[in-house]
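See structure below.
Values quoted throughout were computed directly from the atomic coordinates according to the rules given, and no laboratory measurement underlies them. Since this is a predicted model, take the numbers as computed values, not measurements. Virtual Cβ from ideal backbone geometry, glycine too; neighbours counted across all protein chains shown.
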Amino acid sequence: DVKVTQSSRYLVKRTGEKVFLECVQDMDHENMFWYRQDPGLGLRLIYFSYDVKMKEKGDIPEGYSVSREKKERFSLILESASTNQTSMYLCASSFWTGGEGSNQPQHFGDGTRLSIL
Amino acid sequence: GQQVMQIPQYQHVQEGEDFTTYCNSSTTLSNIQWYKQRPGGHPVFLIQLVKSGEVKKQKRLTFQFGEAKKNSSLHITATQTTDVGTYFCAGQNSNYQLIWGAGTKLIIKP
């Protein structure tokens, strides 16, 4: 089974702090994603990466950055945390195969519930 | 930007009743995926539809992809308590990005 591991299940930080959320997958997936999930808004894509050192902005990248130095690890960074970044953060990974079925199923971690005080 | 509208946001049913959620896109999708998220859990992939007019079944769940590849539905027959959760559709656009619906929360009344 695919395993996507997020470093923390719950995290509490203060406004202005730099926050690192880590995600590791063990299936050699090319694609990795960071989402935030808020009630009534579904999943919103923050950033994604389709290869090592490659990154693409999603729908809501403002206030976030990412790092992918190794294929299995994708980090989300909140440069200066603010209270409106309090949310559930989900990491996901998938294969890339190209063509019409190119978006293969995404496998999610358990999520990190981040509170910014 | 491109959106996939998913309705309803919530649906309350009695156990044993049917449940349906619908997704509509303004543009043609290459394929559509469906996920289920149990309360307190993370989204789990259910199925992917690729062909126009495709219908797939998983036990009591029936998934359809419209002829124009702009809409999709998930129908659950005779709901059970294990069906509780939020169901998401996610459509792939021409830029190979997945566009997520906002989800439909299935609530089963005791």
Centre separation in Å (Cα based) which lies between region B:36-110 and region A:19-65: 22 Å
Scaled radius of gyration (Cα, divided by 2.2 N^0.38 Å) that the protein assembly as shown gives: 1.02
Percent of Cα pairs exceeding the 15 Å cut-off, where the set is chain B: 60 percent
Burial ordering of A:Glu72, B:Glu67, B:Glu17, fewest other beta-carbon atoms within 10 Å first: B:Glu67, B:Glu17, A:Glu72
Span per principal axis, largest first, for the Cα atoms of chain A (Å): 43, 30, 25
